[in-house]
Amino acid sequence: MNDSITVRGFVASEIRSTTTPGGVATASFRLGSTERRFDRSANAWVDGNTNWFTVQGYRQLAGNMGCSIKKGQRVIIVGRLKMRSWEKDGRVYHVAEIDAESVGHDLMWGSANFTRTAANGPVPGQDAAAPERTGSGHDAHDDDRGVDADADDAGADDAGSDDDDQDFDAETGELKGAAA
């Protein structure tokens, strides 16, 4: 079986980083995904069955997982589901594995601070030869989100707004001096 899947759950083990004999970086961890439902008779949320997965990431994703994901955190995984089984000592074992395409923190449970890695290259849709906008108070990547970066300047005066005084880090696109 090889199907696309999205799973929300908690990181149940430390991240295990390795390299294949061919030199490809890998990272893996165990993920627990527990069903929650509202029990009307008890008027409370109760835990149901927990499904267990081994999440595997490769290359750049593996490195980012190793730097970002910690045991106990809530995450969302998108990837390909693989069900494997084998027999050992007369007993049949089964495992559910997810070859991750994307891994991220579940913001329902907390906040995160994203830092774009330079190895990912230019932002799609942005001309690599074009100079980045600086000092305008807008993120250099506003156009990528479908935002007209000059619309604020051409429109009504934003009295009392400090947005024009904000500086953004050209490398990460984050607000300079902002505490996480």
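The values are calculated or read from the model by the stated rules, or taken from the named source; none is laboratory data. Only a predicted model underlies this, so the values are computations on that prediction, with no experimental measurement involved. Cβ atoms come from the backbone with ideal geometry, glycine included; neighbour counts cover every protein chain shown. We work out accessible area using only protein heavy atoms, side chains counted, and drop any ligands, DNA or RNA first. Shrake-Rupley method; radii C 1.70, N 1.55, O 1.52, S 1.80 Å.
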Taking the condition among the aromatic types (Phe, Trp, Tyr), without any contact (Cβ under 8 Å) to a residue 40 or more places away in the chain and farther than 25 Å from ARG116 by Cα, does PHE38 pass? yes
How many of the residues in segment 63-85 are open to solvent by less than 70 Å² (accessible area, probe 1.4 Å), over 22 Å from THR117 (Cβ atoms) and in a loop (DSSP other than H, G, I, E, B)? 1
Keeping to segment 86-100, report how many residues are open to solvent by less than 100 Å² (accessible area, probe 1.4 Å) and in contact with a Lys or Arg (Cβ under 8 Å, 6 or more places away or on another chain). 5
Grab the strands (runs of 3 or more DSSP E) fully contained in segment 1-53, keeping just those with 2 or more residues being of a type in the set (Lys, Arg). 25-39
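Report the residue count in segment 42-57 for those that are touching a residue at least 40 places away in the same chain (Cβ under 8 Å) and either of a type outside the set (A, V, I, L, M) or open to solvent by 50 Å² or more (accessible area, probe 1.4 Å) (or both).
We begin by selecting, within segment 42-57, every residue touching a residue at least 40 places away in the same chain (Cβ under 8 Å); these are 51-57.
Those left that are additionally either of a type outside the set (A, V, I, L, M) or open to solvent by 50 Å² or more (accessible area, probe 1.4 Å) (or both): 51-54, 56-57.
So the answer is 6.
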Inside segment 16-38, can you point out the residues that are over 21 Å from the mean Cα position of the chain (by Cα) and either closer than 16 Å to GLY79 by Cα or surrounded by fewer than 10 Cβ atoms within 10 Å (Cβ to Cβ) (or both)? THR20, PRO21, GLY22, GLY23, ARG36, ARG37, PHE38
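Checking the condition in contact (Cβ under 8 Å) with a residue 12 or more places away in the chain, closer than 29 Å to ARG116 by Cα and touching a strand residue (DSSP E or B) at 6+ places or on another chain (Cβ under 9 Å), which residue from ALA100, ALA96 passes? Give the steps one after another, and end with the answer.
On the way: ALA96 fails: closer than 29 Å to ARG116 by Cα.
Checking each option against the conditions leaves just ALA100.
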